[in-house]
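All of the numbers you see were taken from the coordinates with simple rules; none came from a lab. Being a predicted model, the structure only gives us computed values, none of them experimental. Reconstructed Cβ throughout: ideal geometry from the backbone, glycine too, with neighbour counts over all protein chains shown.
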Amino acid sequence: MIMTEKPFITRIVPEEFRLDGADSLSITTVKDMASIFLSKSIAATMQDRIVYRVTKRNVPLESGELLQCITEILPGDCDGELFMTKGHGHSNSACAEIYLGISGRGLVLLQRGNEFQAIELEKYKSVYIPGGWNHRTVNVSSEDPLVFYSIWPAQSGYDYDAIFRNPFSKRVFRDGSSYKLVGVQ
Ligand code: PAN
Ligand code: ZN
């Protein structure tokens with residue numbers, strides 16, 4: 001089994017919203033989320049818009065190892081539905097995760113069976129996401145990016161189908177200078 005042997009550091013680069021020491025960058029556009037935003041027709045007209053960027057530090061995917069990343073969700077909306085991550089569950093449902101707000105204002109949507117919660121995320125606030133809860137993050141600011149740090153077990157895995165098997169009970173829309181949660185039929 002290959003494990004991380006030597007200590008290493010990462011650093012959040014101020015105003016660049018990325019993790020120095022990360023070894024992967026992924027960019028998600030509206031096109032990548034065509035099946036996720038409610039308004040498929042408007043999504044089709046703004047396919048190239050970047051919704052979020054993730055810089056991640058990889059480690060061996062072994063028990064005991066920890067992954068970490070910075071997510072930057074840009075301000076914006078698709079027909080009023082605020083920019084957000086795709087959302088997922090962990091393939092290994094025993095695995096929890098911590099999100100720590102770095103800047104901006106957001107909401108973490110959490111779904112387990114019929115249970116739904118929306119928890120506000122802001123600078124220096126952390127949200128503990130227990131295993132078994134699907135999670136998605138929404139940028140509720142119309143001006144600033146939402147930036148947060150995540151740390152989770154390397155053996156979690158990503159289950160992106162989980163949000164289709166058990167959709168979030170609410171979506172988040174712009175409401176003037178604020179936001180509103182709208183129930184999904
Ligand atoms: C986070 C997310 C990250 C991007 O690191 O992976 O914010 O969101 P999606 O994976 O839903 O596209 C995390 O929850 N990791 O487990
Ligand atoms: Zn996760």
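Evaluated against (1) within 11 Å of ligand 1 (Cβ to nearest atom); (2) assigned to a strand (DSSP E or B); (3) of a type outside the set (Ser, Thr, Tyr), GLN111 falls short on exactly one condition, (1).
Among the residues of segment 142-158, the ones that are of a type outside the set (S, T, N, Q) and more than 18 Å from SER63 (Cα to Cα) come to 7 in all. Residues in segment 142-185 that are surrounded by 14 or more Cβ atoms within 10 Å (Cβ to Cβ) and of a type in the set (S, T, N, Q): SER142, SER150, GLN155, SER156, ASN166, SER169. For beta carbons closer than 8 Å, sequence separation of 6+ or different chains, a first residue in segment 6-18 that is surrounded by 10 or more Cβ atoms within 10 Å (Cβ to Cβ) and a second that is of a type in the set (Ser, Thr, Tyr), the qualifying pairs are ILE12/TYR149; PHE17/SER103; ARG18/THR55. Residues in segment 77-99 that are away from ligand 1 (no atom under 11 Å from the Cβ) and surrounded by 18 or more Cβ atoms within 10 Å (Cβ to Cβ): ASP77, CYS78, GLU81, LEU82, PHE83. Residues in segment 120-133: is at least one surrounded by fewer than 16 Cβ atoms within 10 Å (Cβ to Cβ), among the polar types (S, T, N, Q) and more than 27 Å from LYS40 (Cβ to Cβ)? Yes, there is a match, as at least one residue in segment 120-133 is surrounded by fewer than 16 Cβ atoms within 10 Å (Cβ to Cβ), among the polar types (S, T, N, Q) and more than 27 Å from LYS40 (Cβ to Cβ). Considering only residues of segment 129-170 that are in a loop (DSSP other than H, G, I, E, B) and among the small types (Gly, Ala, Ser), which is nearest to ligand 2 (Cβ to nearest atom)? Checking each candidate, the answer is SER156.
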